[in-house]
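**Student:** Here it is, the structure, as structure tokens.
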Amino acid sequence: MTSSSSSTQVKALAWLTLLGLVAGACAALHRIPVRRSGKYVRTQQSLIAEREHVWRKYNLLQSNVSSNTTTAGNYTVETLSNVLNLQYFGKISIGTPPQYFLVQFDTGSSNLWIPSVNCISVDCYYHTKYSSAASTTYQANGSAFSITYGSGSVAGTLSTDVVTVAGLKIVAQTFGEATTETGTGMQGASFDGIFGMAYSSLAVDGVQPPFYNLWSQKLVDAPVFSFYLANNGTSEVSYGGELILGGSDASLYAGKLVYAPVSSQTYWQFQMDAVTLGGTTLCTYCQAVADTGTSLLIAPYAIYEKILTMLNQRVNCSDIAALPTLIFTISGVPFQIPPSAYIVSSDGSCTLGIQYLQGADFWILGDIFIGRYYTEFDLGNNRLGFASTNSGSVLGADIWKICCLVALLGLWKLFNLQN
């Protein structure tokens with residue numbers, strides 16, 4: 001064998017190895033298409049409704065308040081939809097053959113539930129419903145489940161079936177099959193159900209949350225997931241970002257992630273160093289919850305009152321640029337929320353996008369925060385990571401195209417080496 005032919009074989013072997021790695025990455029791409037939905041106009045009334053939804057969710061609704069796929073590297077990515085920066089949701093399937101549902105990926109709860117074909121509540125009427133009789137992989141559980149949201153509730157039976165998210169099949173996932181939904185406000189939601197991603201200790205009836213099973217069944221490489229939420233908000237519904245299962249995509253954020261340890265393994269709760277508004281300290285060593293199922297920023301009531309006083313109670317659209325910046329300091333690093341983000345404009349009027357909690361002493365950082373800062377939820381190390389998003393990045397969305405291009409170039413190079 002000549003030196004030249006030996007060198008050619010070594011090069012060919014190297015390219016084959018590279019192609020194998022690329023093919024593995026490409027084969028793991030699981031882009032889930034998103035459904036498009038109608039336009040949502042934010043008003044003062046809708047902000048109050050959103051606040052009441054949060055009160056229900058955290059069981060803080062007062063009795064006197066009425067209620068009217070792809071992958072990045074080896075990381076599986078779920079495409080999301082963003083309805084005017086309000087609701088983020090993606091598609092999953094349950095059963096065999098698959099029955100498809102739009103679910104809100106919610107780090108503020110832990111259960112997966114969807115409407116049952118047996119649900120006759122108004123809240124179920126306009127949504128896709130699960131039929132156990134139509135699935136060959138359905139397993140009866142029979143236990144009753146009930147999730148209370150203040151004055152609202154979801155109830156039904158627990159069922160077990162195959163749940164597929166981003167092309168990953170979770171075997172024997174137990175979920176809530178809702179037969180009644182009352183006072184939840186779900187009849188107007190763009191999604192059918194909830195895909196809870198908080199800690200298992202928060203799960204109703206001791207059900208193992210889906211992400212725990214993704215990890216235990218070795219469907220993801222690490223017990224980590226992350227959110228990139230795109231605040232584009234110009235069209236009725238658009239590409240809303242990505243939920244990445246198994247890690248984080250560094251192409252979607254700038255610099256390094258700043259980590260904070262989880263302080264309570266229920267919600268994704270952590271301690272901030274301080275919160276300031278225009279140089280005035282609102283709180284120090286304050287607790288916060290990172291919640292993708294909440295669109296607003298929620299503050300303890302006393303702090304909310306202080307913010308209103310500082311902003312003179314009213315928000316004038318012409319004065320937004322002159323308003324102070326809200327800063328959350330986490331692990332020594334300031335994370336800024338400019339007034340253009342915490343002020344919501346709609347139909348020529350402007351409203352404060354911060355609401356309040358009574359009876360609670362923690363902040364809730366919803367999509368106003370997570371939409372600006374890439375957020376990693378590290379279940380293995382019990383920590384959260386934050387970094388500024390690369391809002392103009394398309395790498396995460398188009399990585400499958402890049403993989404295919406690299407593979408084609410590799411094949412072309414290999415062909416030339418052999419000839």
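The values are calculated or read from the model by the stated rules, or taken from the named source; none is laboratory data. Given the structure is predicted, the values throughout are model-derived calculations rather than measurements. Glycine also receives a Cβ, built like all others from the backbone with ideal geometry; neighbour counts cover every protein chain displayed.
**Student:** Tell me, please, whether a residue that is in contact with a Cys (Cβ under 6 Å, 6 or more places away or on another chain) and either assigned to a strand (DSSP E or B) or of a type outside the set (A, V, I, L, M) (or both) can be found in segment 133-148. Before you say what the answer is, go through the steps one by one.
**Tutor:** Start the filter on segment 133-148 by keeping residues that are in contact with a Cys (Cβ under 6 Å, 6 or more places away or on another chain), which leaves none.
The answer is no; no qualifying residue exists.
**Student:** Right, another one. Looking at Ala203, Ala260, Ala250, which is the one that is under 18 Å from the mean Cα position of the chain (by Cα) and at pLDDT 90 or above?
**Tutor:** Result of the check over Ala203, Ala260, Ala250: Ala203.
**Student:** Can you find a residue in segment 194-208 that is surrounded by fewer than 18 Cβ atoms within 10 Å (Cβ to Cβ), farther than 19 Å from Ser146 by Cβ and either out of contact with any helix residue (DSSP H, G or I) (no Cβ under 7 Å at 6 or more places or on another chain) or not hydrophobic (A, V, I, L, M, F, W, C) (or both)? Walk me through how you get there before you give the answer.
**Tutor:** Of all residues in segment 194-208, those surrounded by fewer than 18 Cβ atoms within 10 Å (Cβ to Cβ) come to 200-202, 204-206, 208.
Among the residues that remain, those that are also farther than 19 Å from Ser146 by Cβ are: none.
Checked segment 194-208: no residue is surrounded by fewer than 18 Cβ atoms within 10 Å (Cβ to Cβ), farther than 19 Å from Ser146 by Cβ and either out of contact with any helix residue (DSSP H, G or I) (no Cβ under 7 Å at 6 or more places or on another chain) or not hydrophobic (A, V, I, L, M, F, W, C) (or both).
**Student:** If we only count strands (runs of 3 or more DSSP E) wholly inside segment 278-323, which ones have 1 or more residues that are touching a Leu at 6+ places or on another chain (Cβ under 8 Å)? It would help to see each step written out before you state the result.
**Tutor:** Details: elements: 280-284, 287-290, 297-300.
So the answer is 287-290, 297-300.
**Student:** Looking for something among the charged types (D, E, K, R), under 14 Å from Phe369 (Cβ atoms) and at pLDDT below 95 - is there at least one such residue anywhere in segment 307-324? Step through it out loud before you land on a result.
**Tutor:** Kept after step one, since they are among the charged types (D, E, K, R), are these residues of segment 307-324: 314, 319.
Those left that are additionally under 14 Å from Phe369 (Cβ atoms): none.
No: segment 307-324 contains no residue that is among the charged types (D, E, K, R), under 14 Å from Phe369 (Cβ atoms) and at pLDDT below 95.
**Student:** Here's something else I'd like to know. Looking at (1) crowded, with 16+ Cβ neighbours inside 10 Å; (2) not in a strand (DSSP E or B), which is the one condition that is false for Ala387?
**Tutor:** The number of the failed condition is (2).
**Student:** Continuing with the same structure: Show the residue pairs that are 6+ apart or on different chains and have beta-carbon atoms under 9 Å apart, the first residue being within segment 255-282 and surrounded by 18 or more Cβ atoms within 10 Å (Cβ to Cβ), the second being of a type in the set (Asp, Glu) and part of a loop (DSSP other than H, G, I, E, B).
**Tutor:** Cβ pairs passing all conditions: Tyr267/Asp291; Trp268/Asp291.
**Student:** Next up: Within segment 328-343, identify whether any single residue is assigned to a loop (DSSP other than H, G, I, E, B), small (Gly, Ala, Ser) and in contact with a helix residue (DSSP H, G or I) (Cβ under 7 Å, 6 or more places away or on another chain), and answer yes or no.
**Tutor:** Step one: list which residues in segment 328-343 are assigned to a loop (DSSP other than H, G, I, E, B), which gives 331-332, 338.
Still in the list and also small (Gly, Ala, Ser): 331-332.
From what's left, in contact with a helix residue (DSSP H, G or I) (Cβ under 7 Å, 6 or more places away or on another chain): none.
Among the residues of segment 328-343, not one is assigned to a loop (DSSP other than H, G, I, E, B), small (Gly, Ala, Ser) and in contact with a helix residue (DSSP H, G or I) (Cβ under 7 Å, 6 or more places away or on another chain), which makes the answer no.
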